[in-house]
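Asks: Questions regarding the structure given below will be posed in turn.
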Amino acid sequence: MTPEEGLSARLQDDKTWRIRELSELVRACQDASSIRREALLRASVPLLYAHWEGYFVLAANNYLTFVTEKRLQISDLKDEFWALTVRKRYRPNQIASERTFSRFLLDIRKDTIETFKKGKYDRINGQSNLNSEVLSFCCSTLGLSASPFETYLDFIDKNLIDKRNFVAHGSSLRFDVEGVSEYRDKVVDLLRIVQTEIENASISGAFRR
């Protein structure tokens, strides 16, 4: 199995169990009594969001691991990968003195001769709030375009995350089975886009300079 095939298999396996769980949840909502159905429908929204962020973060970090397996020099990779190694060691609020800034400059001066390795870069984090802004930032961090997600950005921000926040903060919102089923379908679409974009980037060598 090639590294590209291994990455694809991991993404497919993880996506499969998530889709199965979401489909079972919708089925449970359909079969439940009215009182139980209302509780299940409310509970389904945070779970739908969790699978969106969970899969994106897993796929993104598996992609980074895949790139490390290429054992490439940082100088052979897109600048975004170099930036990840710098972010691992320095945060903006840490460079607050002349001494720290000088050390920072000396460190990054020699970065391009090093190999991109596990544990030496900043991992992707959905911040428990994978909205359109965070999504765009994460994609750019990986050197990927966020344009394939464009038609879903309003759904992510106004439906998935806003409704998740209302439920998480104890607000009383009502959902119907058809609405949750539609949410499920769109989340599944998002998972498939993530898989496709990561797989295409791995096969095309989009990580290379």
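Asks: Could you say whether any residue in region 61-79 is in contact with a Pro (Cβ under 7 Å, 6 or more places away or on another chain) and not small (Gly, Ala, Ser)?
Replies: Scanning region 61-79, I find at least one residue that is in contact with a Pro (Cβ under 7 Å, 6 or more places away or on another chain) and not small (Gly, Ala, Ser), so the answer is yes.
Asks: Still on this structure, please answer the following. Give the residue, chosen from Val177, Val194, that is touching a residue at least 40 places away in the same chain (Cβ under 8 Å), among the hydrophobic types (A, V, I, L, M, F, W, C) and more than 30 Å from Asp31 (Cα to Cα).
Replies: Val194
Asks: Taking Ala60 as the residue in question, decide whether it is over 23 Å from Cys139 (Cβ atoms) and in a helix (DSSP H, G or I).
Replies: no
Asks: Looking at Glu24, Glu69, Glu5, which is the one that is over 15 Å from the mean Cα position of the chain (by Cα) and within 25 Å of Ile161 (Cβ to Cβ)?
Replies: Answer to the selection: Glu24.
Asks: With crowded, with 18+ Cβ neighbours inside 10 Å and under 19 Å from the mean Cα position of the chain (by Cα) as the only criterion, which of Trp17, Trp52 stands out?
Replies: Just one listed residue meets the conditions, Trp52.
Asks: So for region 27-47 (the condition being crowded, with 19+ Cβ neighbours inside 10 Å, among the β-branched types (Val, Ile, Thr) and either under 14 Å from Lys120 (Cα atoms) or out of contact with any Gly (no Cβ under 7 Å at 6 or more places or on another chain) (or both)), does at least one residue qualify?
Replies: The answer is yes; a qualifying residue exists.
Asks: Only residues that are touching a Leu at 6+ places or on another chain (Cβ under 8 Å), farther than 29 Å from Asn61 by Cα and not aliphatic (A, V, I, L, M): list them for region 3-45, please.
Replies: Across region 3-45, the qualifying residues are Cys29, Arg42.
Asks: Evaluate region 18-25: report whether one residue or more is basic (Lys, Arg) and closer than 17 Å to Asp189 by Cα.
Replies: Yes.
Asks: Please work out if Phe104 is surrounded by 15 or more Cβ atoms within 10 Å (Cβ to Cβ), of a type outside the set (Val, Ile, Thr), modelled with pLDDT under 90 and in a helix (DSSP H, G or I).
Replies: Yes.
Asks: Residues being touching a helix residue (DSSP H, G or I) at 6+ places or on another chain (Cβ under 7 Å) and in a helix (DSSP H, G or I): count how many of those fall in region 24-38.
Replies: Result for region 24-38: 6.
Asks: Just to verify a result, which residue in region 45-88, among those that are small (Gly, Ala, Ser) and over 20 Å from Ser145 (Cβ atoms), is modelled with the lowest pLDDT?
Replies: Looking at the filtered set, the residue picked out is Ser75.
Asks: Which members of region 55-86 meet the condition of being within 17 Å of Arg192 (Cβ to Cβ) and in contact (Cβ under 8 Å) with a residue 60 or more places away in the chain?
Replies: Correct list: Tyr55, Phe56, Val57, Ala59, Ala60, Asn62, Tyr63.
The values are calculated or read from the model by the stated rules, or taken from the named source; none is laboratory data. These figures come from a predicted structure and were not determined experimentally. Counting neighbours? That spans all protein chains shown, and the Cβs are built from the backbone with ideal geometry, glycine included.
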